[in-house]
Structures are given as C-alpha cells and as structure tokens.
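Heads up, the thing below is written out as structure tokens.
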Amino acid sequence: MTGDKKPVVMASDMGVSVATLDGDKKLPASQLPDNIPAGNVHFEDGETFQAKFDHGELTGPPGKDGDTGKTGPTGPQGEPGPKSDSIDLTLTVADWQEKRQTVKNAMLTMDGYNYISGAAAADEANITAYANANIRGLDMTEEGQITFICDTTPTQNVTVRLYRIAANEQGA
C-alpha cells in the first residue's frame with residue numbers, strides 16, 4: 001500500500017476481509033460490509049465496539065428521532081368517574097366574623113358527597129382576593145351549610161366554587 005491509505009483487517013462470522021482506509025481514515029462505502037457484529041469490531045487498544053458501548057465510552061451527538069410509529073388499537077372504555085357538579089357561593093365582606101363565615105345552600109348535603117373548594121374563576125380580582133385571604137372550607141357539620149375560614153379577612157366579596165363529587169361505596 002502506498003500513500004496515506006492503510007489496510008484494515010475486519011473479522012466477521014463469515015471470515016476475515018481486508019479493506020483500505022482513505023486519506024480521512026474512513027472506509028469507502030463500497031468496501032463497507034453489510035453486517036459485522038459489534039463484538040467482532042476491535043479498536044487499536046484491543047477492546048471491542050460492543051465492550052466500549054456497554055461501558056459508555058462511545059459518545060457523540062444524539063441521532064435524529066425516527067418516524068412516529070403507528071397508533072395502537074383503542075383500549076376498552078374505562079369505568080365512568082363519580083358524578084360531580086359545582087356550587088358557587090358568595091362570601092360577603094359583612095358576614096366575616098372572627099375570620100369565619102358560614103354559608104347556607106340546599107345543595108350542600110353531608111351524606112354521599114365530598115367537596116373541594118376553590119376560587120370561582122369569575123375574574124382575576126376574585127381569584128387574588130381568595131388566595132390572599134387563604135380561604136378554605138371546613139368539614140361540614142350541619143346539613144345544608146358549610147363554614148369557611150381565612151387568615152386575612154377579605155376586603156371584597158369573594159365567590160367560592162365548591163366541587164361536589166359523589167363518594168364511592170368506601171366513602172372516598
């Protein structure tokens with residue numbers, strides 16, 4: 001061999017073959033074998049490609065993502081969730097007493113429902129007033145009413161939304 005081309009010995013299950021590297025030390029495409037197992041490709045230090053890969057020694061930029069695969073079949077319909085609805089309640093400035101306010105509403109029932117409270121998204125001022133006062137509902141102790149407490153008494157009426165969710169047989 002002459003010039004800057006060097007022979008390379010490649011071993012495979014099919015035997016041994018010799019290829020010649022070009023000036024950039026790359027194997028020309030015409031000499032690339034179709035399939036050589038990674039354990040049969042050896043580096044100058046004697047370690048195989050597979051061993052270097054397994055030890056995380058082969059690094060480089062990530063490859064491009066492949067095409068998105070086909071969408072799989074639709075699974076079975078899940079069980080329906082619990083019945084739910086919402087109740088909007090207005091907490092008036094005048095009705096706060098010692099950072100507590102009790103509101104009555106016929107839709108508030110103690111049996112068979114769980115409640116989650118939050119600010120009704122009426123407007124940003126309502127949400128801000130709710131958050132700044134740290135308003136939260138207490139457990140219901142009487143049918144048809146709920147008590148709210150706050151850390152700071154709001155200076156405006158605040159609309160609270162109670163999400164009423166049917167409880168399951170276990171009481172959750």
In the set R136, R164, which member is out of contact with any Lys or Arg (no Cβ under 7 Å at 6 or more places or on another chain) and under 23 Å from P80 (Cα atoms)?
R164
Out of the residues in the stretch 51-85 meeting the condition of being modelled with pLDDT of 90 or more and open to solvent by less than 60 Å² (accessible area, probe 1.4 Å), tell me which one is nearest to M107 (Cα to Cα).
D85
Hey, T48 free of Cβ contacts under 8 Å to residues at least 24 places away in the same chain and open to solvent by less than 70 Å² (accessible area, probe 1.4 Å) or not:
yes
Kindly evaluate Y115 against the criterion of being touching a residue at least 60 places away in the same chain (Cβ under 8 Å) and closer than 27 Å to G81 by Cα.
no
Those residues that are modelled with pLDDT of 95 or more, open to solvent by 80 Å² or more (accessible area, probe 1.4 Å) and part of a strand (DSSP E or B), I need them from the stretch 129-160; list them, please.
R136
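The values are calculated or read from the model by the stated rules, or taken from the named source; none is laboratory data. All values reported here derive from a predicted model rather than from experimental measurement. So basically every Cβ, Gly included, is an ideal-geometry build from the backbone, and we count neighbours across all protein chains shown. When the accessible area is computed, the model is the full protein with side chains, heavy atoms only, and any ligands, DNA or RNA have been set aside. Shrake-Rupley method; radii C 1.70, N 1.55, O 1.52, S 1.80 Å.
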